[in-house]
1. If the requirement is being under 30 Å from residue 152 (Cβ atoms) and charged (D, E, K, R), which of these qualifies: 252, 230, 194?
2. Given the criterion closer than 19 Å to residue 181 by Cα and under 14 Å from the mean Cα position of the chain (by Cα), identify the matching residue among 213, 220.
3. Taking the stretch 64-82, which residues are touching a helix residue (DSSP H, G or I) at 6+ places or on another chain (Cβ under 8 Å) and either acidic (Asp, Glu) or farther than 14 Å from residue 135 by Cβ (or both)?
4. Taking into account only those residues within the stretch 65-87 that are crowded, with 24+ Cβ neighbours inside 10 Å and more than 17 Å from residue 220 (Cα to Cα), which is nearest to the ligand (Cβ to nearest atom)?
5. Any chance the stretch 164-176 includes a residue that's closer than 23 Å to residue 89 by Cβ and crowded, with 22+ Cβ neighbours inside 10 Å?
6. So, residue 257, is that one surrounded by 13 or more Cβ atoms within 10 Å (Cβ to Cβ) and within 18 Å of residue 307 (Cα to Cα) or not?
7. Can you pull out every residue in the stretch 130-140 that is out of contact with any helix residue (DSSP H, G or I) (no Cβ under 6 Å at 6 or more places or on another chain) and not in a helix (DSSP H, G or I)?
8. When you look at residue 143, is it modelled with pLDDT under 95, closer than 30 Å to residue 244 by Cα and part of a helix (DSSP H, G or I), yes or no?
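The values are calculated or read from the model by the stated rules, or taken from the named source; none is laboratory data. A quick note: this is a predicted structure, and the numbers were derived from the prediction, not measured. With ideal geometry, Cβ positions are generated from the backbone for all residues, glycine too; neighbour counts draw on all protein chains shown.
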Amino acid sequence: MMGSLGEQRWMQDEKFAKSTNFAQPDKATSPDAIPLFHARVCLTIKTNEAITYDHEYWGDLGPVMISKKVGFVGAGNMATALARGFLQRGLVAAQNISASDPASAARERFAQELPGAKVHAHNSDVVAEAEVLFLAVKPQVCQHVLRELKEHAAHPENILFVSMMAGIRLKVLRETLGSNSRLIRMMPNAPCLEGEGAIGYCASETAKPEDRELIQRLLESVGIVHELSEELLDAVTGLSGSGPAFAFLIAEALSDGGTLMGLPRGVATQLAAQTLRGAATMILNTQQPFSSLKEQVTSPGGTTIHGLRILEQHGVRGALIEAVQAATRRSKELAG
Ligand SMILES: NC(=O)c1ccc[n+]([C@@H]2O[C@H](COP(=O)([O-])OP(=O)(O)OC[C@H]3O[C@@H](n4cnc5c(N)ncnc54)[C@H](OP(=O)(O)O)[C@@H]3O)[C@@H](O)[C@H]2O)c1
């Protein structure tokens, strides 16, 4: 209705009166927090009968760029995926991103994928300017890299360190970087490389609420993110860290089944993968219990219940539960 009436007419016609109030955006809690947009529109139209519309709108104004300098020690797969996510979401400007890696191939790929970002051969160059520093190297080089960071960070307390090194506990990071250092430990998974990750993270007691808020926002650019206590990160490793391999195995077996029944391999693989993706989307979007989702697609005496009987007969459910348990135990063992 508003669209059909010109602004001029609103102003001139005595039959119409309007009042519109736009509230100021709510005050942000930190410089990098997302400001909320809040508007109340109150409109009274006086024709033969007075009609009053009174609506309130709440929403965010979209991503607000983070002004901090973000560095990566190690410019490999995960560093590139995270930096790409930050850039694509408009969270960090390319000129505020830098990465260091002794491997020239990794530096070249990072620079190619992130035009405008800086790359360095020496970690000291990244440490010198980073305010948020992702440790994106393999756990095998952890001690060497931590010593380097300690040596080159003039004020370690001014840096938020974010480690993704599998199995490296906060205690180990604290021992080298200092008891006052602000630390985050995260466990990403391979689908982060496609912006569809599942990530668990924990924060040291010294990390500030705004550090957690910042990390949550950054990591959400590559997937679903949960803050947890550190004891639970082994379970995250067992479920979402190892889970992609379990899902690949299930997809492969479904594709084999389709091929056995005569589908061309390429078609069977696409149908299998899309079925897993579609089912995952239904779980996340509807938030219905598994039992009711399963019931909706299982008609009495139909095809699905015949298939499910075979899965139960072969103990597939128990096998997957135990796979997560075994992977979690192994993660605990490796962390020592
Ligand atoms: N990718 C995943 O799916 C995944 C999942 C969960 C956790 N993570 C964790 O994420 C971290 C990074 O994994 P990624 O897959 O990105 O590994 P990646 O692709 O191998 O990247 C690591 C990079 O660090 C470089 N590097 C080696 N020593 C270094 C040093 N002293 N200083 C700076 N850079 C150095 C490596 O170079 P070289 O190749 O020459 O050694 C490599 O380019 C690992 O700790 C891993 O446990 C990864």
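1. 230
2. 213
3. Within the stretch 64-82, 66, 67, 68, 69, 77, 80, 81 qualify.
4. Among those residues, the one meeting the criterion is 74.
5. Yes - at least one qualifying residue is present in the stretch 164-176.
6. Yes, satisfied.
7. 130, 131, 132, 133, 134, 135, 138
8. yes
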